Amino acid sequence: MSEALAAVETAGTDISVPAASGAHRFWRRLRTQRAALVAAAVVALLVLAALAAPLLTALEGQDPTTYHPTLIDSARGGVPIGSFGGASADHWLGVEPQTGRDMFARLVYGARVSLGVSLGATLVQVVLGVAMGVAAGLGNRWIDLILSRITDIFISMPLMIMALALLAIVPDSFPRPVLVALIISLVSGWSTTAKMVRAQTLALRNLDYVSASRLSGWSTSRTAVRELLPGLAAPVITYAALLIPQNISAEAALSFLGVGVKPPTPSWGQMLTSADVWYQAAPQYLLLPALALFVTVFAMTVLGDGVRVALDPRAASRLRIGTGRKRESRAEKAAQAPNAAAAKAAQVPDAAVVKKEGRA
């Protein structure tokens with residue numbers, strides 16, 4: 001229990017101190033990973049920029065939908081007038097080719113769409129995957145068989161083909177960001193979450209405290225909520241942190257194919273759709289949304305890997321970024337130094353004896 005006190009012996013005296021909470025231990029482990037902390041700061045800035053998009057665009061004095069035909073050169077096919085895509089004090093990152101819409105406003109509003117869709121899809125994937133996985137792990141043989149086969153069917157579905165088919169038949173009146181989030185979450189992601197949760201549930205159901213709760217007459221739902229979900233929290237949070245960058249990439253891919261978020265709602269993938277025509281005349285139109293996608297996905301991936309290692313300290317990081325590898329190398333050398341010195345000291349007398357015997 002979180003309220004329990006742990007007896008700790010220090011300096012020959014018995015002192016009862018509160019046991020470190022799980023959140024405290026997690027933060028202590030996460031603080032040792034500088035790359036994860038930097039990634040968390042980048043993600044926090046992106047989320048803050050997305051939430052404050054109306055305030056930031058009001059500060060600039062622009063919005064993401066207003067056309068500025070006077071800022072583009074119609075004689076050259078709609079290329080922005082001026083250097084760096086028409087960047088100025090009124091348009092911080094320039095304007096969009098052919099339309100003259102403000103690039104900064106479209107980028108920050110596009111962050112709202114990309115992050116909102118990915119977070120919403122991740123939430124649905126986690127809730128549905130945990131429910132299906134726990135039900136399959138605690139159910140009888142037939143329930144487990146039926147739910148596992150349903151999960152296998154969804155795992156085998158190709159996301160892009162199913163998304164293209166579903167997005168084509170849904171009326172345009174349905175909110176597009178919500179529709180994209182639902183399709184991403186229902187077609188992919190939740191099935192692999194359910195597989196992982198089912199495996200963890202089968203491992204936990206045989207532990208003594210879970211068996212005791214079931215033998216005491218608790219219902220299956222009460223056992224799952226009170227005993228299993230706390231043990232499933234760490235792997236589920238870890239997998240959810242790694243799902244977010246995948247969902248961002250999926251939303252960008254659907255918008256790039258022209259079946260995701262529809263204009264005039266800005267989206268990074270949608271901006272990349274028409275950028276391939278302008279990458280020579282206005283390269284910033286391609287580089288800015290591509291850089292935003294790269295930084296977001298990379299930061300989310302590094303943060304997810306850091307969360308995974310912090311929740312399971314026995315697992316090694318897959319991403320050797322920053323000074324963590326150097327610190328581990330120095331720690332290994334420091335641990336090996338006493339052994340090497342002792343071995344060298346043990347070999348010196350033997351060498352002297354051999355030399356003395358050789359002279360004799």
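Laid out as a table, the results:
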| item | result |
| --- | --- |
| Matching residues in region 129-145 - criterion: being assigned to a helix (DSSP H, G or I) and either surrounded by 13 or more Cβ atoms within 10 Å (Cβ to Cβ) or modelled with pLDDT under 85 (or both) | Gly129, Val130, Ala131, Met132, Gly133, Val134, Ala135, Ala136, Gly137, Leu138, Ile143, Asp144 |
| Members of region 272-289 that are over 20 Å from Gln246 (Cβ atoms) and hydrophobic (A, V, I, L, M, F, W, C) | Ala275, Val277, Trp278, Ala281, Ala282, Leu286, Leu287, Leu288 |
| Selection count, region 154-173, where residues are surrounded by 10 or more Cβ atoms within 10 Å (Cβ to Cβ) and either farther than 21 Å from Asn247 by Cβ or out of contact with any Lys or Arg (no Cβ under 8 Å at 6 or more places or on another chain) (or both) | 13 |
| Residue match in region 64-75 (condition: farther than 19 Å from Ala275 by Cβ, within 29 Å of the chain's Cα centre (by Cα) and either basic (Lys, Arg) or not in a helix (DSSP H, G or I) (or both)) | no |
| Which listed residue is crowded, with 17+ Cβ neighbours inside 10 Å and either of a type in the set (Ser, Thr, Tyr) or in contact with an Asp or Glu (Cβ under 7 Å, 6 or more places away or on another chain) (or both), from Ser118, Ser88, Ser74 | Ser118 |
| Only one of Leu45, Leu56 that is at pLDDT 90 or above and either over 22 Å from Leu119 (Cα atoms) or surrounded by 13 or more Cβ atoms within 10 Å (Cβ to Cβ) (or both) | Leu56 |
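Here is a yes/no grid of residues against (1) in contact with a strand residue (DSSP E or B) (Cβ under 9 Å, 6 or more places away or on another chain); (2) of a type outside the set (Gly, Ala, Ser); (3) more than 18 Å from Val117 (Cα to Cα); (4) surrounded by fewer than 16 Cβ atoms within 10 Å (Cβ to Cβ):
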{"position": "Val210", "(1), (2), (3), (4)": "no, yes, yes, no"}
{"position": "Ser213", "(1), (2), (3), (4)": "no, no, yes, no"}
{"position": "Trp218", "(1), (2), (3), (4)": "no, yes, yes, no"}
{"position": "Leu242", "(1), (2), (3), (4)": "no, yes, no, no"}
{"position": "Pro245", "(1), (2), (3), (4)": "no, yes, no, no"}
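The values are calculated or read from the model by the stated rules, or taken from the named source; none is laboratory data. No experiment lies behind these values; they were computed from the predicted model shown. For neighbour counting, all protein chains shown are included, and Cβ atoms are generated from backbone atoms with ideal geometry for every residue, glycine included.
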